[in-house]
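The values are calculated or read from the model by the stated rules, or taken from the named source; none is laboratory data. Note that the structure is a prediction, hence the values are computed from the model and not measured. Glycine also receives a Cβ, built like all others from the backbone with ideal geometry; neighbour counts cover every protein chain displayed. Each accessible area value is taken on the protein alone, full model and side chains, heavy atoms only, with ligands, DNA and RNA left out. Shrake-Rupley method; radii C 1.70, N 1.55, O 1.52, S 1.80 Å.
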Amino acid sequence: MQQFLNAKLADGSLADLTVTDGRFSAIAPAANNPASLGAGAIDLAGQLVLPAFVEGHIHLDTSFYGDAWRPHIPCTNGFDVRERVAFQMQNLEQAAPMEERARNQLELCIGNGSLAMRSHVMVDAAVGLKHVETILAVREKYRDLIDIQLVAFPQSGILSSPGTAELLDEALRLGCDLIGGLDPASFDRDVKGHLDVVFGLAEKRGAPVDIHLHDGGTLGLFEIEEICARTKALGMGGKVAVSHAYALGDISAEALAKAGEMLAASGVSIMTNAPGNHPFPPVAALRKAGVTVFAGSDNIRDSWWPYGDGDMLNRAKMIGYRSGFYEDSELEAAYDVVSHAGARALGLEGYGIAVGTKADFVALRAEHVPEAVVAVPKERTVYRAGREVARNGEVVDSVGLTGLRSA
Ligand SMILES: [Zn+2]
């Protein structure tokens, strides 16, 4: 049993938290009892306690974080997924070993307080299952520190990269949790053919779905409609996500209202990282319609862009900033996107600060959630199952990282 005293909860109250076997077993108003401190309790001294953040979309296999700096190569004629994938292949040939890069990125995320993550992992005819095998092994080593869902991700399309459908199936068999997809229209130029494979594998393996969709406007909206229809038909509500869904950011208000209703009714969630100057899904309108909107860092120092710091609180700030969120309730919504809504989208069990939930939490100095979102205090302590695992951005020595790295 471990006790944490004087924790400030999101509602502003001060509480004493008791953790037993990695879960909160009691939450009581702060008793201000100095005798408990003598018994080994940790005094949080009024720090704000938040459930560990949810990193809902990242690429553990393709980041260069901790490796040499890779200057960004611009597309020759506007944003082009196919061209970016080619740049990525060039860069990866010269990169440090994938395991090392993946661990660098994982430790960055854990250090900042994310203890649950969804990572897409590239599967295509050229790399086969190499990335999947490496990242599966890394996940195993870090199992005690962070929960990781892996998406078998067809980075080079499915129909345009023959053999990929079989590889995706094999990736799921090996241990990937979800089946991914990529711009069925613009990449494979066959919406039905692409989605037949994705949802066919989802059905065969009982796997949730998370599709990268950069296609904009009415084309992207058409694909979202198709994804919602298949989700409904298969009874997969709550188990399907569309990542990016840029289209939702550049359609009319009327079309958006319809799309919001459809997404909410079919149980399809939307992931956004508030990308640069690109149109992105209107977070407030979608939430109001009942859509689960969650977030991820997506690319961190990779071939797509040089940004990303693995800090989901900072991501909440970016989402709030780009969404024009100023009121406390709006800042709280931005925080919800990187925490509770993320947990819902990922289907996490035992998330939150309540009796019975997992004691995975972050303690930091902020008056309340809205202030935390705008101030993004870098000084913070991260607890996994009630045990300190990171402090001020660094995984602490006591978790035995050296052992993990050499194992
Ligand atoms: Zn991505």
On the protein heavy atoms, probe 1.4 angstrom, tell me the percent of accessible surface of region 37-140 carried by carbon and sulfur. 53 percent
A 1.4 Å probe over the protein heavy atoms gives region 263-388 a carbon and sulfur accessible-area percentage of 53 percent
Residue-normalised accessible area of the chain, expressed per residue, 1.4 Å probe, Å²: 40 Å²
In the structure displayed, which of Lys192/Lys258; Lys130/Lys317; Lys288/Lys358; Lys204/Lys232 lie more than 25 Å apart, Cα to Cα? Lys130/Lys317; Lys288/Lys358
Under unit Cβ charges (Lys, Arg +1; Asp, Glu -1), what dipole magnitude, rounded to 20 debye, does region 256-334 have relative to its Cα centre? 220 debye
Reference-scaled alpha-carbon Rg (2.2 N^0.38 Å with N residues) for region 187-339: 1.03
Relative contact order [Cα under 8 Å, 6+ residues apart], region 4-47, whole percent: 46 percent
Here D for the chain, in µm²/s, from Stokes-Einstein with a Kirkwood Rh over Cα pairs at 37 °C and 0.692 mPa s, works out to 152 µm²/s
Using Cα atoms only, what is the angle between the long axis of helix 328-337 and the major principal axis of the chain, expressed in degrees (0 to 90) to the nearest 10? 60 degrees
Using only Cα atoms, find the angle between the long axis of helix 312-323 and the longest principal axis of the chain, and express it within 0 to 90 degrees, rounded to the nearest 10. 60 degrees
With Thr381 itself left out, Lys, Arg at +1 and Asp, Glu at -1 over residues whose Cβ is under 9 Å from its Cβ give 0
Each residue of region 80-92 in turn: what ³J(HN,Hα) in whole Hz from Karplus with 6.51, -1.76, 1.60 and θ = phi - 60°, glycine and Pro shown as x? 9, 4, 4, 5, 5, 5, 5, 4, 4, 4, 4, 4, 5
Might you report the magnitude of the Cβ-based charge dipole of the chain about its Cα centre, with Lys and Arg at +1 and Asp and Glu at -1, to the nearest 20 debye? 400 debye
